[in-house]
Amino acid sequence: MLERATAVIFGAGSVGRGFLGQLFSESGYEVMFVDLDEPLVAALARRGSYTLRLSGLQAVDERTIGPVRAVNGLDVEQVAAEVARASLLATAVGARALGAVARSIAAGLARRWTAAPTPADAATPVNVILCENLHDAPQVLRQAVGQALPEPLRPYLAERVGFVPAVIARMSPVPTPAQRAADPTLIVAEPYKVLPVDRQAFIGEIPRVVGMEPVAPFRAYVERKLYIHNAAHAMLGYLGYRRGHEYGYQALEDPWVRRRVDQALDEAGRALVAEHGLEAQALREHTLDLLARFGNRALADPVSRLARDPLRKLAPDDRLVGAARLAEKHAIRPAGLAWGIAAALAYDAPDDPDAVELQARLARDGLASVMRTVCGIQEGEPLAELVSKIVWTQMNADERRFAQIRAGKQ
């Protein structure tokens, strides 16, 4: 009997189990998860499978995904052994963990290239699919792996390893404590099943994976995700917070919020069409489908999650300011996107360290300084005027009413 090909996934969370595990398993791979969550690792290793609950707008489909194995990421020796024999690698760990992942990958590659049965085996390419919310994740991981490799092996990296960025658009909430107590392997996700990847980043033959769509040029798909999907989530988070909503679907159902979200997505959509030559009607249909998926109550995405980390989400090239800049580039006034930027600047959730720091900086340095240093928006330019007007007039005028709504007083 032929040995089954193995896909090693770093990260067994919402993306790892909620998306990649299903796609790789359905494609014939044995899935090996690498994670630091010891109870989860133990449960996956014991069962050899996990429960995936696909909660759609119309129906719920519960599946058992397997065969899977799991190893603790701290066991570098075992992780290296798995990387050495893997047919495909993937990461879904978050930008901060890429350095630790790089060391394990480097150890596995070194073993792969020095202990292979034949020179042909050693030279067999392997690709790493990066499912990270970081625009230069392939470069970051490539550099970190290269630094961790023994110097004589570093030239092989460019020849034998592809670092392939992916766009993740499947939504998967973090399991609740009750769900985890009932089944520690359970992950809930929507049925959406498309994984765009950069066709030009692969080394060697592109692996066949269910749902994976190699595309080029890839930048158009990255910006579509960032300026439509991520921007809409941010708008729902920041405007929803001001209206006192707990979940994203509640914010979407609020006419006050929905008008501004629709306006922002129209601006971003027209800018993407102008920039990348996307087909306008297809993009419009994609956006409407996305908003319908955001309304899925079974996913119950909290406003607090959609809004967290405002300093990162207000960066010049991120979902709100970046979309506004692209609109301006194509002579589109970003009035709706300015509402998102203004609401993010006003985000003051006391349990979000980023929000606390943002409000402290606003109190100390003033709005103009924060827009310049955080958002890259210079005082006196049109976008600064748009955002400032919303902050100082509409938002301040409504602050007492919004505070009452958040406090549950009306």
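In the stretch 114-136, which residues are surrounded by 20 or more Cβ atoms within 10 Å (Cβ to Cβ) and hydrophobic (A, V, I, L, M, F, W, C)? Talk me through it step by step, then tell me what you get.
Initially, the stretch 114-136 is screened for residues surrounded by 20 or more Cβ atoms within 10 Å (Cβ to Cβ), giving 126-132.
If the condition is that a residue be surrounded by 20 or more Cβ atoms within 10 Å (Cβ to Cβ) and hydrophobic (A, V, I, L, M, F, W, C), then Val126, Val128, Ile129, Leu130, Cys131 are the ones that fit.
Out of all the residues in the stretch 180-198, is one or more in contact with a strand residue (DSSP E or B) (Cβ under 9 Å, 6 or more places away or on another chain), charged (D, E, K, R), farther than 26 Å from Thr64 by Cα and surrounded by fewer than 16 Cβ atoms within 10 Å (Cβ to Cβ)?
So far as the stretch 180-198 goes, no, none of its residues is in contact with a strand residue (DSSP E or B) (Cβ under 9 Å, 6 or more places away or on another chain), charged (D, E, K, R), farther than 26 Å from Thr64 by Cα and surrounded by fewer than 16 Cβ atoms within 10 Å (Cβ to Cβ).
Collect the residues in the stretch 60-78 that are assigned to a strand (DSSP E or B) and either without any contact (Cβ under 8 Å) to a residue 40 or more places away in the chain or farther than 18 Å from Val8 by Cβ (or both), keeping them in residue-number order. Steps first, answer last, please.
Here is the first cut: in the stretch 60-78, the ones assigned to a strand (DSSP E or B) are 60-65, 68-72.
Val60, Asp61, Glu62, Arg63, Thr64, Arg69, Val71, Asn72 - these are the residues of the stretch 60-78 that are assigned to a strand (DSSP E or B) and either without any contact (Cβ under 8 Å) to a residue 40 or more places away in the chain or farther than 18 Å from Val8 by Cβ (or both).
In the stretch 146-175, which residues are of a type in the set (Val, Ile, Thr) and within 22 Å of the chain's Cα centre (by Cα)? If you could, list the steps in order and put the result at the bottom.
Going through the stretch 146-175, the residues of a type in the set (Val, Ile, Thr) turn out to be 161, 164, 167-168, 174.
Answer for the stretch 146-175, where residues must be of a type in the set (Val, Ile, Thr) and within 22 Å of the chain's Cα centre (by Cα): Val164, Val167, Ile168, Val174.
Mind counting the residues in the stretch 30-43 that are crowded, with 24+ Cβ neighbours inside 10 Å and either aliphatic (A, V, I, L, M) or within 20 Å of Pro196 (Cβ to Cβ) (or both)?
Keep residues of the stretch 30-43 that are crowded, with 24+ Cβ neighbours inside 10 Å, which gives 31-34.
Subsequent filtering for residues that are either aliphatic (A, V, I, L, M) or within 20 Å of Pro196 (Cβ to Cβ) (or both) retains 31-32, 34.
Total satisfying the criteria: 3.
Might you let me know whether the stretch 84-92 holds any residue that is under 23 Å from the mean Cα position of the chain (by Cα), outside any strand (DSSP E or B) and within 16 Å of Leu130 (Cα to Cα)?
Of the residues in the stretch 84-92, the ones under 23 Å from the mean Cα position of the chain (by Cα) are 88-92.
In the following step, the residues that additionally are outside any strand (DSSP E or B) were identified as 92.
Among the residues that remain, those that are also within 16 Å of Leu130 (Cα to Cα) are: 92.
Yes: the stretch 84-92 contains one or more residues that are under 23 Å from the mean Cα position of the chain (by Cα), outside any strand (DSSP E or B) and within 16 Å of Leu130 (Cα to Cα).
I'd like the residue in the stretch 340-356 that is within 23 Å of the chain's Cα centre (by Cα) and exposed (fewer than 13 other Cβ atoms within 10 Å of the Cβ) and, out of all such residues, is farthest from Leu314 (Cα to Cα).
The qualifying residue farthest from Leu314 (Cα to Cα) is Asp351.
Quick one: which residue in Leu57, Leu134, Leu98 is touching a residue at least 24 places away in the same chain (Cβ under 8 Å) and in contact with a Ser or Thr (Cβ under 9 Å, 6 or more places away or on another chain)? Working first, answer last.
Working: Leu57 fails: in contact with a Ser or Thr (Cβ under 9 Å, 6 or more places away or on another chain); Leu134 fails: in contact with a Ser or Thr (Cβ under 9 Å, 6 or more places away or on another chain).
Checking each option against the conditions leaves just Leu98.
Only residues that are within 22 Å of Ser27 (Cβ to Cβ) and free of Cβ contacts under 8 Å to residues at least 40 places away in the same chain: list them for the stretch 79-95, please.
Listed by number, the list holds a single entry, Ala84.
Of these, Gln378, Gln359, which one is of a type outside the set (Ser, Thr, Tyr), at pLDDT below 95 and in the same structural domain as Ile228 (by TED's automatic domain parsing)?
Gln359
Could you please find all residues in the stretch 87-103 being under 13 Å from Arg142 (Cα atoms) and not aliphatic (A, V, I, L, M)?
Thr91, Gly99, Arg103
Can you tell me which of (1) surrounded by 14 or more Cβ atoms within 10 Å (Cβ to Cβ); (2) at pLDDT 95 or above; (3) not hydrophobic (A, V, I, L, M, F, W, C) is the one Pro175 doesn't meet?
Status for Pro175: all satisfied but (2).
Given the residues Gly146, Gly162, which is the only one that is at pLDDT 95 or above and over 29 Å from Gln22 (Cα atoms)?
Working: Gly162 fails: over 29 Å from Gln22 (Cα atoms).
It is Gly146.
So which of Tyr50, Tyr29 is modelled with pLDDT of 95 or more, touching a helix residue (DSSP H, G or I) at 6+ places or on another chain (Cβ under 7 Å) and aromatic (Phe, Trp, Tyr)? Before you say what the answer is, go through the steps one by one.
Numbers: Tyr29 fails: touching a helix residue (DSSP H, G or I) at 6+ places or on another chain (Cβ under 7 Å).
Checking each option against the conditions leaves just Tyr50.
Exactly one condition in (1) touching a residue at least 60 places away in the same chain (Cβ under 8 Å); (2) in a helix (DSSP H, G or I); (3) in contact with a Lys or Arg (Cβ under 9 Å, 6 or more places away or on another chain) is false for Ala45; which is it?
Condition (1) is where Ala45 drops out.
Restricting to the stretch 199-234, and then to whatever is among the β-branched types (Val, Ile, Thr) and buried (at least 20 other Cβ atoms within 10 Å of the Cβ), can you tell me which residue is nearest to Gly295 (Cα to Cα)?
Start the filter on the stretch 199-234 by keeping residues that are among the β-branched types (Val, Ile, Thr), which leaves 203, 206, 209-210, 215, 222, 228.
Imposing the further condition that a residue be buried (at least 20 other Cβ atoms within 10 Å of the Cβ) reduces the set to 209, 228.
Working: Val209: 29, Ile228: 15 Å.
My answer is Ile228.
Inspect the stretch 177-188 for any residue being assigned to a strand (DSSP E or B), in the same structural domain as Asp61 (by TED's automatic domain parsing) and within 18 Å of Val128 (Cβ to Cβ) and give the result as yes or no. First the steps, then the outcome.
Our first condition is that a residue be assigned to a strand (DSSP E or B); within the stretch 177-188, this holds for 187-188.
Among the residues that remain, those that are also in the same structural domain as Asp61 (by TED's automatic domain parsing) are: 187-188.
Then drop every residue that is not within 18 Å of Val128 (Cβ to Cβ), which leaves none.
No, every residue in the stretch 177-188 fails to be assigned to a strand (DSSP E or B), in the same structural domain as Asp61 (by TED's automatic domain parsing) and within 18 Å of Val128 (Cβ to Cβ).
Helices (runs of 4 or more DSSP H) wholly in the stretch 241-303 with at least 2 residues that are closer than 16 Å to Ala344 by Cβ and not polar (S, T, N, Q) - which ones? Walk me through it before giving the result.
Details: elements: 248-253, 255-276, 280-294.
Fully inside the stretch 241-303 and qualifying: 248-253, 255-276.
Looking at Ala342, Ala338, Ala363, which one is without any contact (Cβ under 8 Å) to a residue 60 or more places away in the chain, out of contact with any helix residue (DSSP H, G or I) (no Cβ under 6 Å at 6 or more places or on another chain) and of a type in the set (Gly, Ala, Ser)?
Answer to the selection: Ala363.
Just to verify a result, which residue in the stretch 297-339, among those that are surrounded by fewer than 19 Cβ atoms within 10 Å (Cβ to Cβ) and touching a strand residue (DSSP E or B) at 6+ places or on another chain (Cβ under 7 Å), is nearest to Gln359 (Cα to Cα)?
The extreme case among them is Pro302.
Each row is one residue, and each column tells you yes or no for (1) in a helix (DSSP H, G or I); (2) within 17 Å of Tyr238 (Cβ to Cβ); (3) modelled with pLDDT under 95.
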site: Ala355; (1), (2), (3): yes, yes, no
site: Arg372; (1), (2), (3): yes, no, no
site: Ser388; (1), (2), (3): yes, yes, yes
site: Gln394; (1), (2), (3): yes, yes, yes
site: Asp398; (1), (2), (3): yes, yes, yes
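The values are calculated or read from the model by the stated rules, or taken from the named source; none is laboratory data. Model, not experiment: these values are computed from the prediction. Ideal geometry is used to build each Cβ from the backbone, glycine not excepted, and the neighbour counts take in all protein chains shown.
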